Each structure stands twice: as C-alpha cells, then as structure tokens.
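The values are calculated or read from the model by the stated rules, or taken from the named source; none is laboratory data. The structure displayed is predicted, hence computed values, not measured ones. With ideal geometry, Cβ positions are generated from the backbone for all residues, glycine too; neighbour counts draw on all protein chains shown. These area figures cover heavy atoms from the full protein model, side chains too; ligands, DNA and RNA do not enter into them. Shrake-Rupley method; radii C 1.70, N 1.55, O 1.52, S 1.80 Å.
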Amino acid sequence: MRKGVFGACRALILAVVALLASGPAMAEDGYDLWLRYRPLADSAQARYRPLATAIAAPQDDPSIRIAAAELHRGLTGLLRADVPASADAIAPGAILLGTGGDRRIAALGLPLSTLGREGYLIRSVRVDGKPATVIAANSGVGVLYGAFHLLRLVQTGDPIDRIDIRSVPKVELRLLNHWDNLDRSVERGYAGQSIWDWWKLPDITNPRYVDYARANASIGINGTVLNNVNAKADSLTAPYIAKAAKLADIFRPYGIRVYLSARWSAPIEISGLKTADPLDPAVAAWWKAKADEIYAAIPDFGGFLVKANSEGQPGPQDYHRSHADGANMLAAAVKPHGGIVMWRAFVYAHENPDDRARQAYDEFKPLDGRFADNVIVQVKNGAIDFQPREPFHPLFGAMPKTPLMMEFQITKEYLGFATHLVYLGALFEETLASDTFAKGKGSTVARVIDGSLEGHARTGMAGVANIGVDRNWTGSQFDQANWYAFGRLAWDPEASARRIAADWAGMTFSTDPAFVAPVVDMMMRSREAVVDYMTPLGLHHLMATGHHYGPGPWVDDLERPDWNPVYYHRADAQGIGFDRTKTGSNAVAQYAPPVARQLGDIRTVPERDLLWFHHVRWDHRMASGRILWDELVTRYDRGVAEVAAMRARWATLAPYVDADRHADVMRFLAVQAREAQWWRDASIAYFATFARRPLPAGSPPPAHDLDYYKALRFPYAPGN
Ligand code: BDP
C-alpha cells in the first residue's frame, strides 16, 4: 500500500520533471537572458556528464566562489544532475578552478604568466592521476570568466574533451554607459525605468543588481558608468557617493568597477565656487578633495566620464581652456588612486557653421599628445551620431599619441527603439573592421581600439546600455543580443558577429541547427533592413525631432541648422546628399589619403556611403543600372520586404521556442513591419516632391499623402 502511494508519487514527480524539462513548452519571459541553463537534450547530457562529477574550488576568494556556484547552477540545470561541490578530492572528470596559488594548479605548470589579470585557460589535464578539466587564471575574476566560457561550450554543444582554450581580453576597459537619471528616467532608454533605485539605495538593494553583475561578467564587461553623461552634480554629493559605493560592493566580486559621469560645473553647483576654470587652483583642489572622498568610499572606483562643451553642457571652453586642460586637471585628481578620465569627443558647437561631421576631428586632432597618461578619449563610432549606418569616425587612426576608446550605442535611439529587431553585432563589426589606412593597409579600427596599431596599453570600448527594469531587461527579447554582442566584441574586437549571434541564439532559444541557422541569417540581415527602410545609400539623421521616433526628413524649423534633417539630406530639384568632398565641406579629407580618395570619388565610393559624401543627381546611374531615384525607392522597398521575410521566418520557428517568447517576438515584428512601411512611405512621399519622377514599376504609391505624415505627433515617445 505504502509502496503503491510512494510509487504513484514518484511517477507524478517524474512526469512533472519531464514536463518541466521539455524546453519549448515551458513559460519563459526572457529574464534569464542567455544564462537559462535549461536541460540539454538527452544525448548532449550524456556527452557532458563527466563534468558533473565534482567542482573543486578550494581557494577562499569571492570571485572563485561565485564561479563555482555558477558552474554548479549551470551544470545542475543543463545536465539535470546534482553536481557535488567538493573542495578537495578530485574525482575523475572533475572541474578544478583556481589561480596559481592553488598547489594542484601550480603543479600543472600552465603558462599563466601570459594571461594578464583577466585572461584564463581551460584545459583537459590530469590531476592526481585522474582526468579533469582545469579553469586557471591569475585572479578570481579570470577564473569566473573561464567558468562562464566553459558553460557556454556546454550550452552551445561544443566539444569539451581534449579542451585547450586560452582567452585574454584585447581591450582593457569594457564598459557600459548608463544614460540613467537620478529620477530613474533613462535618456534614450526603451526598457522601462532605470534599474538603479537611487531613492532606496544604499539601505535597500534589489536582487537585480546581482543578476546584472552576473550577466555582465558572463560576457566580460568589467565596468559601468552609473549615471547619464548629461550629468547632475548631485551624483557627486555624499549621499549619492554612498549609494554608488553600495552598488560597487555588489559588483566587485563580479569584476565590475563603478565609474561616474562628472558634471563640469559641479564645484560651482555643489560648493559655491566662483568658477570651474580648470587652471584655477581652487577648482583643481576641489576635484582632488572630491576624488579623495569618492575613493574613501569606493577604493576601486574607476574614474570619471565627461561630456563637456557639447550640446549645452558646461566645460573648460567656457573659460577659454581646451579639452586637454579640462581632462588633465581631472586626471590629476584621480591619478594618485589609479583612476582614469574618459573624455568624450562628441562635440559640436552651437556657433560653428562648419559641417557637424568635421567638428570633433577639428577640435581634437590638434590636441593629440597633449592628454595626461590616465586620460582616454572616447569617440563615437561615427562622426554624426549613432545612425543606422555611418562611415567610421575620422578620429580613429588620426590621434596616434592618444589612446582612443570606442563608444557604441547599444540602445537603439535611431534604429526603431526596442520594438525593431536589429542585430547590432553587424553594425559594431562593420565599424571595427573598417580600415583607417593610418599606417597602411590593415590599420583597422579594431586595431586602434585594442591599442595594437599605435602601441597603447590603455584601451577601451563603451556601450550605451539598453537595460531597464523591463522583465526581459532590454525592452525586447532580441535586444538582449545587442548587449551580449557588445560584451563579446569588447573582449575581442576582431570576433565574428555571426559567430556571436549563433552563440546567443543557441543559448537564448535553442541550439537546434534548424533554428540557429535561419535565426542567425535573419539577425545578420536585420541591420541592412533598417538601413534600407530608414536611411538607404548613406542618408542619415532623418528621424523626427527630439525623440527620434519615426521619419521627419522634412523638418527644417529647429533653432540650430544641424538639428534639422534637411541639413543632412540636402535634397533639391537636381539631386540629394551632402557634398563632403572638396567642392563641399571637404570632411572627406579628414580620412587618410587612400580612404579619402576612395570616398571622395563618386566612381569609387561604396554605394552604401554615397549620399553621406556626395550630392548626387537624381538620374545618376547606379551599379544596378537604375537611376538614383529608382534605386532609392527600390532600397526602401527592399527594407520593407526584408521585415516581411523576418516575420514569415520567425513564424516557422515556433516549434523551437517557448510559446510566450515566440509570440512576444511575433508581436514586435508586426510593429516593425508597420513602422518600416511608414518610414518607406513617408520618405518616398517627401523625396518625390524634389525628384518629380514616377515610382519604378511595381513600387506602390505611399498609403497617404505627405501632409498626413508631417502631421503625426508623438509627444510622449519614451527616452526623450
Ligand atoms: C545624442 C542623444 C542625446 C545624448 C547625446 C550624447 O540624442 O540624448 O545626450 O547623443 O551622446 O545622440 O551626448
């Protein structure tokens, strides 16, 4: 009798377990990101079973403890086995983690000295005569990175027998920049409020802070700038330093340092100084005391990020001092503590009538060699502003004596917000792979950023975060891929965006090749799709004003010329595009001669950058044989068609994805399809007023007249 009841219970439990394990049927909301650790297929479980014998992590180090716990959590989930965490004895197949300080790791004679502080080795070895997998590094954080890597191999089905992996980050500072305000609004954020609950900190913390750190550590991100570059001085007051210190304590074992955006005029605003002149000794003393105060609370504080004399922010030029004067004064304040200053090159001046695309170069290039050694200049990927496509920023390769770090935007301010599926790995990779020719062929942006081209040890890559309190973190399932890809490319700027997409899709949804292949293909094409339906052939900055949601190519009434889309496209009866050659602004001359020659000649410029650099006649003959107007319309049509194809493709993938997330993505694609059509129709309706030509055969007229599109208003669009 008892046995019967027991047996029935057992059968029930097994049935529930089986149900829970049957992947796609299970409800998921995206919170788990790429760290879901759902059970692998039975055959794969068998393959990795040896790893489940034991996890030996005898060293007393907070990061190593987290690494062991993560392996335990991961393998328990993936292999549906309870993996013994044994501090000492090595069972055959066990995982051994640690640094050279562990006697058994030391005995292996591994080449740890080549790994730096954050690199790691994963190897199949023999320990005490038994087969084992070792994860070894020079620091606990290196071990943690290695643990996540091993888990990724299991998650994506990579072989782990005779494993021999060595990984060292090529970039030192791998940072998220949060444009988060103290009231929890997020500038250009589309995933809900800020995850930093400043009001409740430091007394009350949220478990999300740990999950945030863990997700970032899994992709190698090692720093976070907590507050908006349009900074409030309040972030530097004692109460807010205490709040930031609490976050720093939580992030520390995950290898993540905290940084703050500094408001230039803080000495005036906080302490009533008369000036913020960087050469005034009282100002320098104020910053030095402020840095001392911050370091007393946060001993490993990373340093400051500064947006100065840009878009109305105060800065050293208010006192007729240069960016270098300003950066160096701040750098001196943090230097005794090992801190750095990241000084942004995103500047363009109100009064400057010159082509906006030229201004950062014109201001910063002459300062090359004048920055202190703990300053790094942070440059956006392109010379205008995070557009769907921009040629690489001409400063890359042009300041050999100054370390430059990359600033990418992960949040999709200009690419349809969180609702559009656009895989930014393709955009990041395109910029990084661009050849500056600064030192001849092969002088890629990636090699500027990783320091190898110009011999800089201080290197960095920042991504403007797309994270908020939305349950799925990023406002949509697929935007998680952009956070993920940023981290992986910051670790290795020469990594393949396609390969990264495959890893992400496999971990986030399913490793079935029948799923991964079409999804990766869709992701890789998605970036070109958004370029086509928003700003094809080198067009840029045609988004509606302020919020940047939807098309506004007709806008011409804003206070500053370079805030108006008409400034950028310059359409007229003859043609369209911004002449940046010698007959125009000559911005093209800021590139190294081979690049300038190629881009400056209408016969050799890649069509994707055509209207960025040239004003082109509507009847100009394109590579396709079509005239420019017809080609432009064809590109808009192609973008719309690509989104339709994405929808159709995703619909067929339902069998591989849990119903909730599948339906979620389906709904987002429907919005994207509608908005792609809107972009195409509004743009064509507007540009047709200049081109005055019929649409190419088969291309349908816009659904509404131009006035309809011009009248649309979105006063409550997010992120503005
Ligand atoms: C622009 C954004 C603005 C940012 C600025 C920046 O629209 O919100 O403050 O960049 O990067 O693209 O400073």
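Laid out as a table, the results:
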| quantity | calculated |
| --- | --- |
| Equivalent ellipsoid semi-axes - Cα gyration tensor, the stretch 173-508, angstrom | 28, 26, 18 |
| Dipole of the stretch 604-652 [Lys/Arg +1, Asp/Glu -1 at C-beta], most positive-end residue of M646, V605, W618 | M646 |
| Rounded to 5, the percent of DSSP beta bridges in the chain classed as antiparallel | 35 |
| Dipole axis of the chain (+1 Lys, Arg; -1 Asp, Glu on Cβ), positive-most option in H456, T511, F668 | T511 |
| Accessible surface, per residue, of the stretch 173-508 when the full set of protein chains is kept, probe 1.4 Å, Å² | 29 |
| Kyte-Doolittle at least -1.0, axis length at least 15 Å by Cα - qualifying DSSP helices, the chain | 2-21, 62-79, 140-156, 207-218, 238-251, 281-297, 323-334, 480-491, 497-508, 513-534, 628-652, 659-691 |
| Quotient of C-alpha Rg and 2.2 N^0.38 Å, computed over the stretch 39-167 | 0.94 |
| Positive-end residue, the stretch 482-598 charge dipole about Cα centroid, Cβ charges, pick of A587, V555, L542 | A587 |
| Normalised contact order of the stretch 111-263, rounded percent, pairs of Cα under 8 Å and 6 or more residues apart | 21 |
| Antiparallel content of DSSP bridges confined to the stretch 39-167, in %, to 5 | 60 |
| Portion, in percent, of the accessible area of the chain that falls on carbon or sulfur, probe 1.4 Å | 55 |
| Whole-number accessible area per residue in Å² for the stretch 39-167, which is evaluated in the context of all protein chains at 1.4 Å | 40 |
| Listed pairs K288/K401; K307/K380; K232/K290; K401/K439; K200/K243 exceeding 18 Å between Cα atoms | K288/K401 |
| Prolate/oblate/rounded call for the stretch 438-494, Cα gyration tensor, a/c under 1.5 rounded | prolate |
| Relative contact order of the stretch 173-508, pairs being alpha-carbon contacts under 8 Å that are 6 or more residues apart, as % | 18 |
| Enclosed volume per residue, in Å³, of the convex hull spanned by Cα atoms of the stretch 269-335 | 92 |
| DSSP loop chymotrypsin sites (Phe, Trp or Tyr not before Pro) with at most 14 other Cβ within 10 Å excluded, longest remaining stretch of the chain | 200-715 |
| Percentage relative contact order, the stretch 337-481, counting C-alpha pairs under 8 Å, at least six apart | 21 |
| Binned Cα-Cα distances of the chain, short to long, each 10 Å bin given as a whole percent | 3, 14, 23, 25, 19, 11, 4, 1, 0, 0 |
| Sequence-distant residues sharing a close amide H with A85 (under 5 Å, placed H) | I55 |
| Label-point gap, in nm, between E607 and E311 - each point 7 angstrom along Cα→Cβ | 3.4 |
| Assigned charges on the beta-carbon of Lys, Arg, Asp, Glu; the chain dipole about Cα centre (debye) | 1600 |
| Beta bridge orientation in the stretch 173-508: antiparallel %, DSSP, nearest 5 | 10 |
